[in-house]
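This report refers to the structure that appears directly beneath it.
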Amino acid sequence: MCGIFGAFNVENASLYTYWGLYTLQHRGQESAGICSTDGENFYLVKKQGLVLEALRKEDLESLKGNAAIGHVRYSTAGDIGGTNAQPILAKTSKGEFAIAHNGNLTNYKILRKELSDGGAVFKYTSDTEVFVHLIDVSEGWVPEGLSLHPNDREFLPHLFDALRKVEGAYSILLLLKDKIIAARDPLGFRPLEIGRHGESWFFSSESVAFDIVGAEFKRELKPGEVLVVDRDGIRSYFPFGDRERKAFCIFEFIYFARPDSYIFGDWVYEVRKRLGRELARELKGKLDVDVVIPVPDSGIVPTIGFSEESGIPMELGLIRNHYVGRSFIEPTQELRDLKVLMKLSPVKPVLNGKRVAIIDDSLVRGTTSRRIVKMLRRAGAKEVHVLIASPPVKFPCFYGIDIPTREELIANRYDIEGIREQIGADGLHYLSVEGMLRAVKGGAKTYCTACFTGDYPTEVDLT
Ligand code: 5GP
Ligand code: MG
């Protein structure tokens, strides 16, 4: 998982990109980087750490020019350490450019092997570099009947050629000396939004970053769209036509995106509230508690919906320490456990002597729920029920969400009753897949629900 941001035709583009990345920090905390251009040279800074730590004042001053792209990276399994920071800046036979990528390619191992066998030398282990080598060796491809603007005839056929070879999830930004190119895979797994301020153009994984940089949200890049912006304006191409099947990652709505973002044509806040409402509907008559308590932060919005629909009052029985980052990202179980304790603490007067239900957005390994149940009992709660505003996570994600192995997923090893026992709760209820789909617009053929259903929208290697 990652966040990407771009600014074109903006004075101090790198500063805007910095603020954009800062806003997208929740999408990746491992590394941050910006590449800019003044039309002659490229400037690149990328380092490990949070945006605030990785990119200093001196760095921003060195990132000259009126166009920039940036990236925040979330480490996925087996690849901890900063060498895969982005953007990647590459000199190829088709010119120099930088690329920033959100998503995960599902056929990259095959492509990487083919390219390596053909003589390509890979510098990094991330899938993103495949784009660079595919472009480098491309002989160009333009679908029949598609005519290119004169400015696009040189580079775009090579990008199209690369895109037709990759499979899986990509929302990408490419920075060339005179343009930014944005592209989104034909299934549209990851969001990519377009913003504008006068003659300046912005791109962002989530719309919320436009509010921060003072740009107006225009629209989302469409699945399969390749959009070019240069001094002559913007041009949009659909080299792969329009497919009926889409695969917007439903987990973006459930957990990943910020609630103040508008993605996939909907407000994340409103979807989360509806997830809570649907859960309340499914539990009508099955739950007798005094109070519902959100697990901050991502459980808050579904709890509002749940409380409204069920009439059960909501209280903030858990307070979050904002100086502790997201707990999921810690590489070992002990560190994750410790961090949950550091991160959340109980509000005793809200809990003492009460029958409570906590509501979280999702349950993956069970770490968070197990800790919280214990914590609430210690704080005096009489009963602790756990409600999850999404279905059991049973399958790994191959498209960029950090759900790495089946063994680690608690819902793979136990049935609901078994999970309840494991987390020590008095009751455990999940939202159904149908309930989840009722909370979003468009239905099953619009979303990727693979982590819940195992219904992968592309071919994946499950071995
Ligand atoms: P668990 O603690 O059960 O392993 O994971 C569930 C908790 O982690 C929930 O509180 C949810 O908000 C959060 N979570 C779910 N998926 C992700 C993810 O991909 N990354 C991070 N950082 N947190 C997640
Ligand atoms: Mg959480």
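Annotation: Thr453 fulfils all but one of (1) surrounded by fewer than 22 Cβ atoms within 10 Å (Cβ to Cβ); (2) in the same structural domain as Arg355 (by TED's automatic domain parsing); the unmet one is (2).
Let's see how each residue does on (1) surrounded by fewer than 19 Cβ atoms within 10 Å (Cβ to Cβ); (2) at pLDDT below 95; (3) of a type in the set (Phe, Trp, Tyr); (4) touching a His at 6+ places or on another chain (Cβ under 8 Å):
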position: Val229; (1), (2), (3), (4): no, no, no, no
position: Ile234; (1), (2), (3), (4): yes, no, no, no
position: Asp242; (1), (2), (3), (4): yes, yes, no, no
position: Ser261; (1), (2), (3), (4): no, no, no, no
position: Gly265; (1), (2), (3), (4): yes, no, no, no
position: Leu279; (1), (2), (3), (4): no, no, no, yes
position: Lys284; (1), (2), (3), (4): yes, no, no, no
position: Val291; (1), (2), (3), (4): yes, no, no, no
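The strands (runs of 3 or more DSSP E) found wholly in the stretch 294-387 and carrying at least 2 residues that are within 12 Å of ligand 1 (Cβ to nearest atom) occupy 318-320, 355-360.
Could you grab me the full set of residues in the stretch 420-450 that are assigned to a helix (DSSP H, G or I) and either open to solvent by less than 60 Å² (accessible area, probe 1.4 Å) or free of Cβ contacts under 8 Å to residues at least 12 places away in the same chain (or both)? Matches in the stretch 420-450: Arg420, Glu421, Ile423, Val433, Glu434, Gly435, Met436, Leu437, Ala444, Thr446, Ala450. When residues in the stretch 125-139 are screened for being outside any helix (DSSP H, G or I) and either surrounded by 15 or more Cβ atoms within 10 Å (Cβ to Cβ) or modelled with pLDDT under 95 (or both), 5 of them pass. Taking the listed residues Val289, Val268, the one that is on the phi < 0 side of the Ramachandran plot and either in contact with a Gly (Cβ under 7 Å, 6 or more places away or on another chain) or within 16 Å of ligand 2 (Cβ to nearest atom) (or both) is Val268, with no other qualifying.
Screening Ile416 with (1) surrounded by fewer than 22 Cβ atoms within 10 Å (Cβ to Cβ); (2) over 19 Å from Ala357 (Cβ atoms) gives one miss only, at (2). Summed over the stretch 349-369, the residues that are in contact (Cβ under 8 Å) with a residue 24 or more places away in the chain and over 20 Å from Ser298 (Cβ atoms) give a count of 5. Applying the condition of being within 28 Å of the chain's Cα centre (by Cα) and of a type in the set (Ser, Thr, Tyr) to the stretch 291-314 and asking which residue is farthest from Arg277 (Cα to Cα) yields Ser298.
With respect to (1) surrounded by fewer than 16 Cβ atoms within 10 Å (Cβ to Cβ); (2) assigned to a loop (DSSP other than H, G, I, E, B); (3) under 28 Å from the mean Cα position of the chain (by Cα), the lone exception for Val121 is condition (3). Surrounded by 19 or more Cβ atoms within 10 Å (Cβ to Cβ) and assigned to a strand (DSSP E or B) - does that describe any residue in the stretch 157-170? Yes, there is a match, as at least one residue in the stretch 157-170 is surrounded by 19 or more Cβ atoms within 10 Å (Cβ to Cβ) and assigned to a strand (DSSP E or B).
Note on the stretch 207-263: residues that are within 16 Å of ligand 2 (Cβ to nearest atom) and assigned to a helix (DSSP H, G or I) amount to 6.
Condition check for Gly265 on (1) within 16 Å of ligand 1 (Cβ to nearest atom); (2) more than 18 Å from Gly3 (Cβ to Cβ); (3) within 17 Å of the chain's Cα centre (by Cα): one failure, at (1).
The values are calculated or read from the model by the stated rules, or taken from the named source; none is laboratory data. All figures in this text were calculated on a predicted structure; none of them were measured in a lab. Note: ideal-geometry Cβ built from the backbone for every residue, glycine included; neighbour counts use all protein chains shown. Note: accessible area is taken over every heavy atom of the protein model, side chains too, but ligands, DNA and RNA are not part of it. Shrake-Rupley method; radii C 1.70, N 1.55, O 1.52, S 1.80 Å.
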